[in-house]
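The structure appears below as structure tokens.
The values are calculated or read from the model by the stated rules, or taken from the named source; none is laboratory data. Predicted, not measured: the structure shown is a model, and the values here were computed from it. Here the Cβ is made from the backbone with ideal geometry for all residues, glycine too, and neighbour counts use every protein chain on show.
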Amino acid sequence: MATLGTTRTCAFDAIDEIGAVARKHDVWLHIDASYGGTAFVCPEYRHLMQGIEFADSFSCGPHKWLLINNGCSVMWYTDSKWIVDALGMYKQSVNEDNDNLDLPEYRQWQISTGRTLRSLRLWFVLRLYGVENLQEHIRRGCALAKQFESLCRGDKRFEIVGNVQLGLVCFRLIKSNATNELLLAKILSRRNIYLLSGEIKGIFFLRLAIGSKVTNEKDIEYTWNEIKLVTSMLPCI
Ligand SMILES: *Cc1c(COP(=O)(O)O)cnc(C)c1O
């Protein structure tokens, strides 16, 4: 399983390299693009999925960043026969045999037909916005992340962790983990903005995730000012 847009830092695996190895050894390659995959509605981000032709299956969560509320993920297989062979149920009666119909038996694909029809919400959003407005939504989110990144880079006390590729910015004070943990705790206790955190190779950092349709440049400035204000209140700064 390779990931396009990891949860912690939105990193992208080199699926062209992983795919070549998987193909050579006849190993199933699933691509987890839960978050990052939504950005591929924009052609300019599709270079991030170079090697996608090696994928046997691909999942993406429109509820992450494509304006659908929680509970809507899409899954693609090169051949749905595999999932039916591996996990499908035996037919219990002739009535369940719809081989004569020109429809896939979604139940055999692990899509619970006794639950709400979540694909309808996706359909409505696609129809309501259209591809250009969805692209605009993603581009705005990426631009706001870049705006925050440059504010952060302009302050010598801070550093960016990893690359800002989509709507997630990982950053930290160039200080100890303890200072960064204190910064986050104080920010959260004021309840004006909400940030996440992460740790990689022993380095603790803060994470700003942009995903809402209503977030704008002023919110980014407000966020940055709040972070600077709390930073100035830290005892060791
Ligand atoms: C969010 C996320 C998941 C979980 O997806 P859900 O559809 O919310 O269950 C899995 N992998 C990655 C990389 C994610 O960002």
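Quick check: anything in the stretch 93-107 surrounded by fewer than 14 Cβ atoms within 10 Å (Cβ to Cβ), of a type in the set (K, R) and either at pLDDT 95 or above or over 25 Å from Y129 (Cβ atoms) (or both)?
Checked the stretch 93-107: no residue is surrounded by fewer than 14 Cβ atoms within 10 Å (Cβ to Cβ), of a type in the set (K, R) and either at pLDDT 95 or above or over 25 Å from Y129 (Cβ atoms) (or both).
Being closer than 24 Å to D79 by Cβ and among the β-branched types (V, I, T) is the filter here, so list the residues in the stretch 7-36 that pass it.
Scanning the stretch 7-36 gives I15, I18, V21, V27, I31.
Which members of the stretch 165-185 meet the condition of being closer than 18 Å to A209 by Cα and either of a type in the set (S, T, N, Q) or in contact (Cβ under 8 Å) with a residue 24 or more places away in the chain (or both)?
Matches in the stretch 165-185: Q165, L166, G167, L168, V169, C170, F171, R172, L173, N180, L183.
Under 7 Å by Cβ, and 6 or more places apart or on different chains, what pairs join a residue from the stretch 1-24 that is over 25 Å from G141 (Cα atoms) with one that is of a type in the set (A, V, I, L, M, F, W, C) and within 15 Å of the ligand (Cβ to nearest atom)?
Listed pairs, sorted by first residue: I18/A2.
Just for the stretch 60-71: of the residues that are touching a residue at least 12 places away in the same chain (Cβ under 8 Å) and surrounded by fewer than 18 Cβ atoms within 10 Å (Cβ to Cβ), which one is nearest to the ligand (Cβ to nearest atom)?
Per the stated criteria, the residue is G71.
From (1) away from the ligand (no atom under 14 Å from the Cβ); (2) among the hydroxyl-bearing types (S, T, Y); (3) modelled with pLDDT of 95 or more, pick out the condition that doesn't hold for Y90.
For Y90, the failing item is (3).
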